[in-house]
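A short reminder: the numbers here are calculations on the coordinates, not readings from a lab. What you see is a predicted model; the values in this text were computed from it and never measured. When we count neighbours, we look across all protein chains shown, and the Cβ atoms used for this are built from the backbone with ideal geometry, even at glycine.
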Amino acid sequence: MIQKPRGTLDILPGESEIWQEVERKIKKVASLYGFREIRLPTFEMSELYKRGVGETSDVVQKEMYSFNDNDRRNITLRPEGTAGVVRSVIENSLGNGALPLALYYLISCFRYEKPEAGRSREFYQFGVELFGAKDASADANVISLAAAVFRELGLTDVHLEINSIGCPNCRPKYHKALREYFETRKDELCPTCLERLDKNPLRILDCKSPICKEIGEGAPKTVDHLCPECEEHFNSLKKYLDAAGIEYKVNPRIVRGLDYYQKTVFEFITDKIGAQSTICGGGRYDGMVKELDGPDLCGLGFAMGLTRIMLALEAEGVLPVIDESPDLYIASMGDTARAKSFEMTEALRSLGKRALFDQVGRSVKAQMKYADKMGAKYSMVLGDSELEGGKAILKNMQNGESCEVEIANISTLAECLK
């Protein structure tokens with residue numbers, strides 16, 4: 001038997017309806033905040049991620065699904081959404097329109113990671129990207145959008161952590177301070193972090209190795225090495241969040257796992273789903289559009305892991321309850337009755353009712369068992385006598401009550417299916 005690749009998900013009937021409802025609520029909130037949907041290719045040129053995400057990130061170094069296509073171009077299945085959105089903004093000159101430009105997406109992404117609860121190799125994200133807004137109020141607005149999504153979904157055990165990791169002006173001094181600190185414990189670092197020490201010591205703070213994490217606890221803090229502009233931006237962000245009543249904690253260890261971030265970074269965290277507790281992460285990436293040969297257009301955004309959202313909803317007992325059971329199942333006896341039942345179900349569907357009929361030639365008894373398994377609210381049996389008399393018995397499958405209805409009067413029948 002051929003099985004799905006390790007680290008992928010089958011989202012089955014019964015689950016998919018819950019995902020659809022969650023996505024509907026997410027889209028509703030995004031629309032309220034003025035964000036519009038963008039749809040992206042599943043794969044891009046590999047250079048996009050190497051330049052956009054960053055050569056020193058774990059995503060580029062270890063996790064990308066890359067291959068040469070038939071034209072010998074190096075292609076990568078998208079490992080995240082921001083770089084693709086930036087490429088699209090540049091290619092389609094979206095930055096020439098009204099600013100700020102507010103976009104959202106619901107996508108699948110691909111990373112070669114060790115599968116575990118809340119982490120898979122194909123995973124699903126809701127993300128937003130906002131371009132052309134430098135003020136800290138934009139950061140607060142994007143954070144507020146994420147918080148509003150959690151409220152709309154009914155999640156309460158979620159808390160916000162924020163940090164500032166500086167800009168190209170102040171980060172070199174911070175990198176120098178980090179190198180000096182980590183050099184004193186160089187022999188204890190993992191091989192990956194030894195490489196990061198020269199290339200990008202900030203990445204060491206994001207290492208998952210217990211030893212490196214312990215060493216990183218004593219490292220210099222980003223917030224102590226900010227230039228005046230970054231410090232003012234961070235203080236303004238806190239004032240906006242305070243004004244909106246959005247609770248937060250300053251966590252100087254948040255750096256995020258992608259190289260393009262600067263100034264604001266943030267995470268929403270839950271304690272309900274185990275090790276993969278970060279269910280949303282994002283920040284500002286003001287230099288990324290220009291780095292990818294576009295205009296000098298600032299940007300910020302976040303990505304929210306939908307699988308982790310589902311785990312959190314389940315853990316808090318607030319998964320949406322979706323009723324997809326049929327309103328009516330029409331059992332039939334004979335070809336003429338089956339044809340009539342098909343005609344009736346078509347008419348009922350046009351009136352917004354979920355109606356099913358027998359398509360495999362079962363006995364009436366087997367059809368009624370099927371209706372029961374499908375959770376049909378009502379059932380009806382059609383045979384020669386019902387067709388001749390023009391009437392049939394409509395049965396409530398929950399309480400057993402029944403009434404006689406006219407077969408030809410579809411509007412009245414639809415009204416009975418409540």
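The H on the amide N of Tyr378, modeled in the peptide plane, is under 5 Å from the matching H of Leu328, Tyr329, Met397, each at least 5 residues off or on a different chain. Overall, the anisotropy analysis places the range 328-416 in the rounded class: the square-rooted eigenvalues a ≥ b ≥ c of its C-alpha gyration tensor yield a/c less than 1.5. Taking every DSSP bridge with both residues inside the chain, close to 80 percent are antiparallel.
Across the range 181-195, rounded Karplus estimates of 3J(HN,Hα) from the backbone phi angles (6.51 cos²θ - 1.76 cosθ + 1.60, θ = phi - 60°) give 5, 6, 4, 5, 10, 4, 5, 9, 6, 5, x, 5, 6, 4, 5 Hz, Gly and Pro being marked x. For the listed residue pairs Lys272/Lys373; Lys239/Lys263; Lys50/Lys290; Lys340/Lys418; Lys272/Lys377; Lys62/Lys173, the alpha carbons are over 25 angstrom apart in Lys272/Lys373; Lys272/Lys377; Lys62/Lys173. Figure legend: label point modelled 7 angstrom from the Cα of Lys4 along Cα→Cβ; residues of the range 98-129 with amide N under 20 Å from it are 106-126. Relative to the longest principal Cα axis of the chain, at what angle does helix 228-244 sit, 0 to 90 degrees, rounded to 10? For helix 228-244, the angle is close to 30 degrees.
If R0 is taken as 45 Å, the Cβ-Cβ distance between Val360 and Asp187 corresponds to a FRET efficiency of 0.05. With a ≥ b ≥ c the root eigenvalues of the C-alpha gyration tensor of the range 32-86, is it rounded (a/c under 1.5), prolate (a/b larger than b/c) or oblate? Here the range 32-86 falls in the oblate category. A Förster radius of 22 Å, combined with the Cβ-Cβ distance separating Leu32 from Ala244, puts the computed FRET efficiency at roughly 0.90.
Per DSSP H run of at least 4 residues, take -39500 (n - 2.57); add these up for the chain, divide by its residues and hand me the 222 nm value, nearest 500 deg cm²/dmol. Mind dumping the intermediate values first?
Values: 14 runs with 151 residues, N = 418.
Helices in the chain give a 222 nm mean residue ellipticity of -11000 deg cm²/dmol.
Summarising the label geometry, the points placed 7 Å from Cα in the beta-carbon direction at Asp135 and Glu229 lie 1.8 nm from one another.
Segment Lys290..Tyr65, full-extension length gain: 78.4 nm, with 0.36 nm per residue of separation and the alpha-carbon distance subtracted. The aspartates and glutamates within cross-link reach of Lys391, meaning a Cα-to-Cα straight distance under 14 Å and a gap of 8 or more places when in the same chain, are Glu404, Glu406. Backbone amide hydrogens, once placed in the peptide plane, bring Tyr124 within less than 5 Å of Cys109, Leu306, Thr307, excluding anything fewer than 5 places away on its chain. Residues with beta-carbon under 15 Å from that of Asp372, excluding Asp372: net charge, scoring Lys, Arg +1 and Asp, Glu -1? Within the 15 Å Cβ shell, the charges total +4. Taking 0.36 nm per residue of separation and subtracting the Cα-Cα distance, full extension of the segment from Arg179 to Arg73 would add 34.4 nm. Modelled spin-label separation between Ser16 and Asn396, with each label point placed 7 Å from Cα along the Cα-to-Cβ direction: 3.3 nm.
Under 14 Å from the Cβ of Val318, count the other residues' Cβ atoms, weight Lys and Arg +1, Asp and Glu -1, and hand me the total. Neighbour charge sum, excluding Val318 itself: -2.
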